[in-house]
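A.B. asks: Quick one: this structure, given as structure tokens, is what I'll be asking you about.
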Amino acid sequence: MYVQVRLLPGAISDLFAHVSTSGTITLADRYGLMAALLEDSLTQEERDAIDRLLRALRRGRMKVVSEISALA
């Protein structure tokens, strides 16, 4: 069974802004990044934003949390 993954327009920029300001990556954020990476039609700007997020995570500038969402 093949499931097609479709992102909402502006989802990457919203995700980038949220993660950058909060300094944390939630479970929902990780699933959003996974869906974005599986998307074949990302623009170069969106790919660069994802690369910046992953680089910041690797350098320890962000923290991975086990919460489902930052909204409470």
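A.B. asks: So which pairs qualify, if the first residue must be in segment 19-39 and of a type in the set (D, E), the second must be exposed (fewer than 15 other Cβ atoms within 10 Å of the Cβ) and at pLDDT below 90, the Cβ gap must be under 7 Å, and the two must be at least 6 apart or on different chains?
C.D. replies: From residues that are of a type in the set (D, E), the pairs are E39/V5.
To keep it simple, each residue is scored yes or no on (1) modelled with pLDDT of 90 or more; (2) in a helix (DSSP H, G or I); (3) surrounded by fewer than 15 Cβ atoms within 10 Å (Cβ to Cβ).
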{"position": "L33", "(1), (2), (3)": "no, yes, no"}
{"position": "A36", "(1), (2), (3)": "no, yes, no"}
{"position": "D40", "(1), (2), (3)": "no, no, yes"}
{"position": "E45", "(1), (2), (3)": "yes, yes, yes"}
{"position": "I50", "(1), (2), (3)": "yes, yes, no"}
{"position": "L53", "(1), (2), (3)": "yes, yes, no"}
{"position": "A56", "(1), (2), (3)": "yes, yes, no"}
{"position": "R61", "(1), (2), (3)": "yes, no, yes"}
{"position": "L71", "(1), (2), (3)": "no, no, yes"}
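The values are calculated or read from the model by the stated rules, or taken from the named source; none is laboratory data. Remember, it's a predicted structure, so these values are computed and weren't measured experimentally. Glycine gets a Cβ as well: all are built from the backbone with ideal geometry, and neighbour counts include every protein chain shown.
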